[in-house]
């Protein structure tokens, strides 16, 4: 079984994916892993710092363009938005623009490695925790994936960037309602897998 998860930031996609790994032996993938790795290397900022939810919207000195080792990205952003080199940006802002930078040249830049990994292990169950774009959806559809939308009360898109809105109206096979505790969410996942005859 291949599952693609979609939903707003903070809805519980990673929580669902991690539970599928620990309880059911799924292999977890994320289209954004390569994105985080590249930004981490370009700015000398640890992956874990970029991924922290409580600081993702907070500008940090380490993410000034003047600190970026990738001149091509700096030139791209200067041409697109003309920010000051010493302007301070948040992890989310830089991650989104880095994604734009890569996709402008190669739309499937972040998709191909994940699809290749999934195809290499057809005997495994796979979960992709961060489906955000139509080409990601299409690539997973080509593998006969199922799609779950995670919805959580009080959560909406944190930004108008395309990465938060492109699949807002996409049709999912199932909707996972995350309105309680983590334990409640896990029980919902259990029931959905039983319905799918995977458990």
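Just checking, how many residues over segment 92-103 are closer than 14 Å to residue 37 by Cα and in contact with a helix residue (DSSP H, G or I) (Cβ under 7 Å, 6 or more places away or on another chain)? Of the residues in segment 92-103, 5 are closer than 14 Å to residue 37 by Cα and in contact with a helix residue (DSSP H, G or I) (Cβ under 7 Å, 6 or more places away or on another chain). Residues that are farther than 24 Å from residue 22 by Cα and surrounded by fewer than 18 Cβ atoms within 10 Å (Cβ to Cβ) were ranked within segment 110-134; the one that is modelled with the lowest pLDDT is 134. All of 26, 47, 73, 89 fail the test of being in the same structural domain as residue 182 (by TED's automatic domain parsing) and in contact with a helix residue (DSSP H, G or I) (Cβ under 6 Å, 6 or more places away or on another chain), apart from 26.
Checked against (1) modelled with pLDDT under 95; (2) surrounded by fewer than 18 Cβ atoms within 10 Å (Cβ to Cβ), residue 192 meets all criteria but (2).
Only residues that are surrounded by 14 or more Cβ atoms within 10 Å (Cβ to Cβ) and in a helix (DSSP H, G or I) were counted in segment 21-67, giving 19.
Contact map, segment 97-118: residues that are within 19 Å of residue 3 (Cβ to Cβ) paired with residues that are in a loop (DSSP other than H, G, I, E, B), Cβ distance under 6 Å, separation 6+ or inter-chain. Pairs shown: 110/31; 114/31.
The values are calculated or read from the model by the stated rules, or taken from the named source; none is laboratory data. Bear in mind the structure is a predicted one, so any value in this text is a computation, not a measurement. Glycine gets a Cβ as well: all are built from the backbone with ideal geometry, and neighbour counts include every protein chain shown.
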